[in-house]
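Here's the structure we're looking at; comments come further down.
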Amino acid sequence: PARDDADDLTIRVEYADGDADLGGGVAAVHDCRADDLVVELAIPPLASEEAIEEGVPIEGVIDLIVNDVGWVEPAAAAPPACADLGAPDPSDGEAIFCVVLTDAAGHAGDGACSGAVAIAAP
């Protein structure tokens, strides 16, 4: 309780965007322990207006921060959004997070999942 950021999770995502419009889109972070555990984070501007207008390819790394990740009783099976990306069924004491980036035009990327992250029981 003394440290608000003690249960926050940072997910580092490498991206490549063929037309520079990823900024202004959304990152959907799926906590694969249950179907309804999804955080949508706004993606800040990543390219200049000129680059977006010209459709210049960009690539880089963004950090997504999910606040207050706590204990959740895992479901018997990974949610469809996670299973479709190859995430295994949930296990006690750990979580896997899958991320799908959607650009400003509504085009979603393929998505990817993290390795297992240890989660302490209450």
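Which residue, chosen from PRO80, SER91, GLY55, occupies the Cα position most advanced towards the positive end of the dipole of segment 1-109, where the dipole is computed from +1 (Lys, Arg) and -1 (Asp, Glu) charges on Cβ about the Cα centre?
After comparing all options, I get SER91.
Assign unit charges at the C-beta atoms only (+1 for Lys and Arg, -1 for Asp and Glu), then state the dipole size of the chain relative to its Cα centre in Debye, rounded to the nearest 20.
420 debye
Just to be sure I understand the model, the point goes 7 Å from the Cα along the line to the Cβ. What's the resulting ASP68 to GLU14 distance in nm?
Rounded to a tenth, the inter-label distance reads 3.4 nm.
Counting helices only, and only those DSSP H runs with n ≥ 4, report the 222 nm mean residue ellipticity of the chain as the sum of -39,500 (n - 2.57) divided by its residues, in deg cm²/dmol to the nearest 500.
Value at 222 nm, helices only: -1500 deg cm²/dmol.
Could you tell me which label, among (i) 0.99; (ii) 0.92; (iii) 1.03, carries the value of Rg/Rh (Cα atoms, Kirkwood Rh) calculated for this structure?
(iii)
Taking 0.36 nm per residue of separation and subtracting the Cα-Cα distance, what length does fully extending ASP7 through ALA104 add?
In short, 31.9 nm is gained.
Summing +1 for each Lys or Arg and -1 for each Asp or Glu, what net charge is found among the other residues whose Cβ lies under 10 Å from the Cβ of ILE119?
Net of charged neighbours comes to -3.
Bear in mind that the values in this text are calculations on the coordinates, not laboratory data. Please read all numbers here as calculations on a predicted model, not as lab measurements. Positions of Cβ are generated from backbone atoms using ideal geometry, with glycine treated the same way; all protein chains shown enter the neighbour counts.
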